[in-house]
Amino acid sequence: MTVGWIVDSLIDRFNENYPVPDPGARPKRLLTCPYCKNSRVYETHYKLGAHIAECHSLLKPILLIGKNEPNYKEKINLKLEPHMLSIANVTSADVNIDGKIWKKISTGDLETILSETTGGQCVIKLINSKKELPHITERKYQFSIHISSEEKLNEIDRIFYETIVSKKDLTLKSVGNFLEKVNKLKINSEYSEGLCEYVSGIIIKERPESEKLSVIFSEHLNRYISALKKLSKFKSRPLAKIIVSIIRFSINQFPVNFDKTGFNKLDLAVNLIRDPKSVKIDQYKNLFSEEGRPVCPMDHGTTQLLNLATRVCQEERWTRILEEECRNTALSQTLGSKDKEKAFAIWGAGAVLKDQKSCAEEPLRKISAIYPFNEWVSPILESL
Ligand SMILES: [Zn+2]
């Protein structure tokens, strides 16, 4: 009898007394939600995923001013009324004004604080911490609030008229004069900045010989777009509203719901380009008699196109002379490319308006692939 034999027989006897149990079928996996820890069991990963997506999606806090979401850093120059603010997915907020102590406030107070602050640096942390959410989501904004009073903005309008609009020529010096006078008012406003950018944009686009410009032609677009962003915030002011619409026309933005400005030539031109069949010329009856007081300068390219649109609508019939006028403008050497596109659009729309569809084909084909004209030119071309 060897030691090996003894061990083997011991193992045999052990195994006889304690047989390995049958493992049975694979147990069912229990899928439970890690976030709400409820007792509910989900049969498949898919069902658990659907539950998490439905109940525990991380919603970032949202703050809208007007209908726009502000940037992280934003200058606020217009008084915020509580109805302009929309807040969603926010459970609480922390606010810090001018570097003082952080205050924890409720959502309702946030609207009050934002609408009552007229000046200062306001840092806001919006928090979404519903208990069923896996994490707390936060969003921070840094607002620099400088609310200019209506009187001061009116004063800016007056200085703008005096130093720029009423002058015969448009120079960078007059822009400088405007800024100098506005600075004396001691207001830090995007309103005056927007007006300056608009006027310097015109100068860059027109490139008068008297000005020694070091910036390239296309820079005017940057100035226009920057002015557009700033002045859009002051839409309740007539001057800002008109300039915003002129800039949109100039950079070929034709909003679907165009809000009439009261500047007939512009309203008519937008109406003509956007939807020639809907132009009702009697709506613009003062157009040809009234020469209103100019409220802002306009670059010559835009002026020429507004005049062309007026001419096209004013004529009783579509004639070869009118067509020649349109062609000359559209093929002009001095107009910028965006203005030429508009000239083709006015030419085509004019022919459609006067029921000379065969004459509309040539100009409309030229812009049928160019945004935003392609949106409404293609259906017209198809119907020809
Ligand atoms: Zn859950």
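With n ≥ 4 as the cut-off for DSSP H runs, can you work out [θ] at 222 nm for the chain, using -39500 (n - 2.57) per run divided by the number of residues, rounded to the nearest 500?
Counting only the DSSP helices, I get -14500 deg cm²/dmol.
Mind checking the alpha-carbon convex hull of the chain and giving the volume per residue in Å³?
Once divided by residue count, the hull of the chain is 323 Å³.
Please tell me the relative contact order of the stretch 150-250 in percent, rounded to the nearest whole number, where contacts are Cα pairs under 8 Å and at least six residues apart.
23 percent
Using modelled backbone amide H atoms (1.01 Å from N, in-plane), which distant-in-sequence or interchain residues come within less than 5 Å of residue 92's amide H?
127, 129
Once phi is turned into θ = phi - 60°, what whole-Hz ³J(HN,Hα) does the Karplus curve with 6.51, -1.76 and 1.60 give for every residue of the stretch 230-235, x standing for Gly and Pro?
6, 6, 4, 6, 10, 4
Under 8 Å for C-alpha pairs, at least 6 residues apart: give me the relative contact order for the stretch 92-235, rounded to a whole percent. Don't skip to the answer; put the middle values down first.
Numbers: 169 pairs, mean separation 22.4, N = 144.
Averaging sequence separation for qualifying contacts and normalising by length gives 16 percent for the stretch 92-235.
Working from Cα positions, state the angle (0 to 90°, nearest 10) between the long axis of helix 3-17 and the longest principal axis of the chain.
For helix 3-17, the angle is close to 70 degrees.
Which residue, 120, 24, 108, tops the fluctuation ranking in a GNM of the chain built on C-alpha contacts under 10 Å?
24
Going by amide H atoms built from the backbone, whose H comes under 5 Å of the H on residue 33, apart from near neighbours?
Long-range HN contacts for residue 33: 38.
Select from 242, 179, 224 the residue farthest towards the positive end of the dipole of the stretch 157-282; place +1 on Cβ of Lys and Arg, -1 on Cβ of Asp and Glu, and compute about the Cα centre.
242
Can you compute 3J(HN,Hα) from phi for each residue in the stretch 139-156, using the Karplus curve 6.51 cos²θ - 1.76 cosθ + 1.60 with θ = phi - 60°, rounded to whole Hz and x for Gly and Pro?
Couplings: 8, 10, 10, 10, 9, 10, 9, 9, 8, 8, 6, 3, 4, 5, 5, 4, 5, 4 Hz.
Using only the Cα atoms of the stretch 36-155, what do you get for the radius of gyration and for Dmax, in Å?
So, for the stretch 36-155, Rg and Dmax equal 18.6, 70 Å respectively.
What relative contact order, as a whole-number percentage, does the chain give when Cα pairs under 8 Å and 6 or more residues apart are counted?
Value for the chain: 9 percent.
Could you size up the charge dipole of the chain around its Cα centre, putting +1 on the beta carbon of Lys and Arg and -1 on that of Asp and Glu, and report it in debye to the nearest 20?
Charge dipole, the chain, about its Cα centre: 500 debye, nearest 20.
Cut-off 10 angstrom, C-alpha nodes, Gaussian network model of the chain. Which of 67, 205, 75 fluctuates the most?
67
Ranked by Cβ crowding within 10 angstrom, fewest neighbours first, how are 209, 325, 16 ordered? Don't jump to the answer; show the numbers that get you there.
Numbers: 209 5, 325 19, 16 8.
Sorted ascending by nearby Cβ count, the order is 209, 16, 325.
Against the longest alpha carbon principal axis of the chain, how many degrees, from 0 to 90 and to the nearest 10, is the axis of helix 300-314 turned?
70 degrees
Picking from 251, 308, 378, whose Cα lies most toward the positive end of the charge dipole for the chain (charges on Cβ: Lys, Arg +1; Asp, Glu -1)?
251
When the chain is treated as a GNM, springs tying every alpha-carbon pair under 10 Å, which of 202, 246, 113 comes out with the largest mean-square fluctuation?
Of 202, 246, 113, the Gaussian network model singles out 113 as fluctuating most.
Using DSSP to call loops (not H, G, I, E or B), can you name the chymotrypsin sites (Phe, Trp or Tyr not before Pro) in the stretch 119-228 whose Cβ has at most 16 other Cβ atoms within 10 angstrom?
Passing sites in the stretch 119-228 are 217.
Can you compute 3J(HN,Hα) from phi for each residue in the stretch 199-216, using the Karplus curve 6.51 cos²θ - 1.76 cosθ + 1.60 with θ = phi - 60°, rounded to whole Hz and x for Gly and Pro?
For the stretch 199-216, the Karplus curve yields 5, 5, x, 4, 4, 5, 6, 7, 6, x, 5, 5, 9, 9, 8, 9, 9, 7 Hz.
Read the figures in this text as sums done on the coordinates, not as results from a lab. Remember, predicted model here, so these are calculated numbers, not experimental data. Cβ atoms come from the backbone with ideal geometry, glycine included; neighbour counts cover every protein chain shown.
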